[in-house]
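Data first, discussion second: the structure below is written as structure tokens.
The values are calculated or read from the model by the stated rules, or taken from the named source; none is laboratory data. All figures in this text were calculated on a predicted structure; none of them were measured in a lab. Because the Cβ atoms are built from the backbone with ideal geometry, glycine has one as well, and the counts that use them run over all protein chains shown. All accessible areas refer to the heavy atoms of the entire protein, side chains included, with ligands and DNA or RNA removed. Shrake-Rupley method; radii C 1.70, N 1.55, O 1.52, S 1.80 Å.
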Amino acid sequence: MRLYLVRHGQTSSNVEHLLDTAVPGADLTARGRDQAAALVDLLGEQGIGAITASTLVRTQQTAAPLAAHLGLPVHVADGLREVQAGDLEMLGDEPSVMRYLGVVGAWLEGDLDAAEPGAEDGHAFFARYDRAVLDAVTAARAAGVETLALVSHGAAIRCWAGERTLNLSAQFVISTGLENTGVVALTGSPEDGWTCESWMGAVVDAVAAEAAGEGPAAEPGTVF
């Protein structure tokens, strides 16, 4: 099975570097809507037969043009929402953003007990994201679909892909960014595990070499 993990388009919270992780979240900006429309050219001919987005409106708005092009509904799954910011919600100062990213980094290094006050820990995050992926895959299989897209969020995609793929290291995920409407392409299954084929269009072998410290860094405040 092929799985495309798609980050949502730009929002006003991205522009202002705010930790906007709660439902419903900000709408797409005009640029974000253009980015969403561009996904039709990027993914419209890749054989996608099912699309699921998170409960935050920006992911559903991002999915809408591709879904309309393919004649598909946009299913909604709460498990695909962003890593919670807890008491840091809607803050945008650098210390708060770095604290948030520090929790994600801790999970990738194996400390799933880490959490911000008022937010989930790694155990809870992976449990709900795993369930959302499994539910989407199960529904796709029942419909005879082999390729699906999940429209989610920057920190959530990076964290889940870093932990659940067989060929991405924690260092790669921590040091590598995922731009608005960036796509991570995986093959595999929940039972056998996932392999990352490409990250924002770059094949993983090539990108992984950069991840030793030279990869495209994630800009603080733009990953959610």
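Restricting attention to segment 76-104, the residues that are surrounded by fewer than 19 Cβ atoms within 10 Å (Cβ to Cβ) and of a type outside the set (A, V, I, L, M, F, W, C) total 10.
Among the numbered conditions (1) over 24 Å from Gly105 (Cα atoms); (2) more than 16 Å from the chain's Cα centre (by Cα), the only one that Leu88 does not meet is (1). Can you pull out every residue in segment 1-21 that is acidic (Asp, Glu) and under 20 Å from Val103 (Cβ atoms)? If the condition is that a residue be acidic (Asp, Glu) and under 20 Å from Val103 (Cβ atoms), then Asp20 is the only one that fits. Checked against (1) open to solvent by less than 70 Å² (accessible area, probe 1.4 Å); (2) modelled with pLDDT of 95 or more, Asn167 passes all but a single condition, namely (2). Does Glu179 count as among the charged types (D, E, K, R), more than 18 Å from His75 (Cα to Cα) and either in contact with a strand residue (DSSP E or B) (Cβ under 8 Å, 6 or more places away or on another chain) or modelled with pLDDT under 95 (or both)? Yes, satisfied.
Per-residue answers, yes or no, for (1) open to solvent by 50 Å² or more (accessible area, probe 1.4 Å); (2) modelled with pLDDT of 95 or more; (3) within 15 Å of the chain's Cα centre (by Cα):
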position: Leu3; (1), (2), (3): no, yes, yes
position: Arg7; (1), (2), (3): no, yes, yes
position: Gln10; (1), (2), (3): no, yes, yes
position: Val15; (1), (2), (3): yes, yes, no
position: Thr21; (1), (2), (3): no, yes, yes
position: Ala26; (1), (2), (3): no, yes, no
position: Glu45; (1), (2), (3): yes, yes, no
position: Ile51; (1), (2), (3): no, yes, yes
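Residues in segment 171-180 that are touching a helix residue (DSSP H, G or I) at 6+ places or on another chain (Cβ under 7 Å) and open to solvent by 20 Å² or more (accessible area, probe 1.4 Å) were compared, and the one that is farthest from Thr21 (Cα to Cα) is Ile174. Can you name every residue in segment 134-158 that is assigned to a strand (DSSP E or B) and either open to solvent by 10 Å² or more (accessible area, probe 1.4 Å) or among the charged types (D, E, K, R) (or both)? Passing the criteria: only Thr147. When segment 160-202 is filtered for residues that are assigned to a strand (DSSP E or B) and among the acidic types (Asp, Glu), only Glu197 remains. The set of residues in segment 105-128 being crowded, with 21+ Cβ neighbours inside 10 Å and aromatic (Phe, Trp, Tyr) consists of Trp107, Phe125. Flag not set for Arg131, criterion: surrounded by fewer than 16 Cβ atoms within 10 Å (Cβ to Cβ), modelled with pLDDT of 95 or more, of a type outside the set (S, T, N, Q) and within 17 Å of Ile48 (Cα to Cα).
For segment 71-85, the criterion of being closer than 22 Å to Trp199 by Cβ, assigned to a helix (DSSP H, G or I) and without any contact (Cβ under 8 Å) to a residue 24 or more places away in the chain is met by none of the residues.
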